[in-house]
């Protein structure tokens, strides 16, 4: 009796697994434009039009659960912050990418402190939104380098005169390689390819690094490492 070939459907499903993204905006035209930019095989898109742009309403705005959210910041800054905070309170593992006309220290720093992973201008989103979403979903950041540098500098200044958490010196060679890649804003997939290891192994090393530095999030790990390095200078 001939062997029954395994269905190709499961293999195809693995290859075509799509990233679930929720788009949030008070403007239907913006939602339509975001959808157009993400009309690619790798994305599963949900949209939610925000009925109100008042900060108290934003924090409790109902929305579907998703691994990644794109927030349109065409609303008061406090409302954007309230919406971002509300999402992360309900879905702590979610990744947020905020799109605005432009970002400065005034509107960018509060979002980064909340845990937002991506900041894109509308002009940049036209070309880079899919790539930025993939990077953020993979555990990385997508933030203008100059803005991120100023943010880190502001965090370092804020810790002067306060006791810094001690950074571990006993890191394995592989952990140091993974840490170096994290400091370059590389996502898990990029780190795996660079070090020729699996993404699961990358996650294992990242988890160990978080535990050794005594933090819970990647951006805290990066800041903690920079703080310790700065204090040693």
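Within segment 110-122, take every residue that is closer than 22 Å to residue 134 by Cα and assigned to a helix (DSSP H, G or I) and give me the one that is farthest from the chain's Cα centre (by Cα). Before you say what the answer is, go through the steps one by one.
Start the filter on segment 110-122 by keeping residues that are closer than 22 Å to residue 134 by Cα, which leaves 111-122.
Remaining after also requiring assigned to a helix (DSSP H, G or I): 111-114, 122.
Values: 111: 11, 112: 10, 113: 12, 114: 11, 122: 18 Å.
Here the residue is 122.
Tally the residues that are surrounded by fewer than 22 Cβ atoms within 10 Å (Cβ to Cβ) and outside any helix (DSSP H, G or I), restricting the search to segment 90-102. Show your work before the answer.
First pass over segment 90-102, keeping only residues surrounded by fewer than 22 Cβ atoms within 10 Å (Cβ to Cβ): 90-94, 100-102.
The next check asks that each one be outside any helix (DSSP H, G or I); those that pass are 91-94, 100-102.
Residues in segment 90-102 being surrounded by fewer than 22 Cβ atoms within 10 Å (Cβ to Cβ) and outside any helix (DSSP H, G or I): 7 in total.
Hey, residue 223 hits all of (1) surrounded by 17 or more Cβ atoms within 10 Å (Cβ to Cβ); (2) at pLDDT 75 or above; (3) under 30 Å from residue 74 (Cβ atoms) but one; which does it fall short on?
Residue 223 satisfies all of (1) surrounded by 17 or more Cβ atoms within 10 Å (Cβ to Cβ); (2) at pLDDT 75 or above; (3) under 30 Å from residue 74 (Cβ atoms) except (2).
How many residues does segment 126-136 contain that are crowded, with 21+ Cβ neighbours inside 10 Å and in contact (Cβ under 8 Å) with a residue 40 or more places away in the chain?
The qualifying residues number 4.
Please determine, by comparing only the residues of segment 52-89 that are modelled with pLDDT under 90 and within 20 Å of residue 217 (Cα to Cα), which one is surrounded by the most Cβ atoms within 10 Å (Cβ to Cβ).
Within segment 52-89, the subset modelled with pLDDT under 90 is 52-64, 88-89.
Pick out the ones that are also within 20 Å of residue 217 (Cα to Cα) and you get 88-89.
Details: 88: 17, 89: 11.
Across segment 52-89, the extreme among qualifying residues is 88.
Go through (1) farther than 29 Å from residue 181 by Cβ; (2) touching a residue at least 24 places away in the same chain (Cβ under 8 Å) for residue 28 and report which single condition fails.
In the conditions (1) farther than 29 Å from residue 181 by Cβ; (2) touching a residue at least 24 places away in the same chain (Cβ under 8 Å), residue 28 misses (2) alone.
The values are calculated or read from the model by the stated rules, or taken from the named source; none is laboratory data. Bear in mind the structure is a predicted one, so any value in this text is a computation, not a measurement. Neighbour counts run over all protein chains shown; Cβ positions are idealised from the backbone, glycine included.
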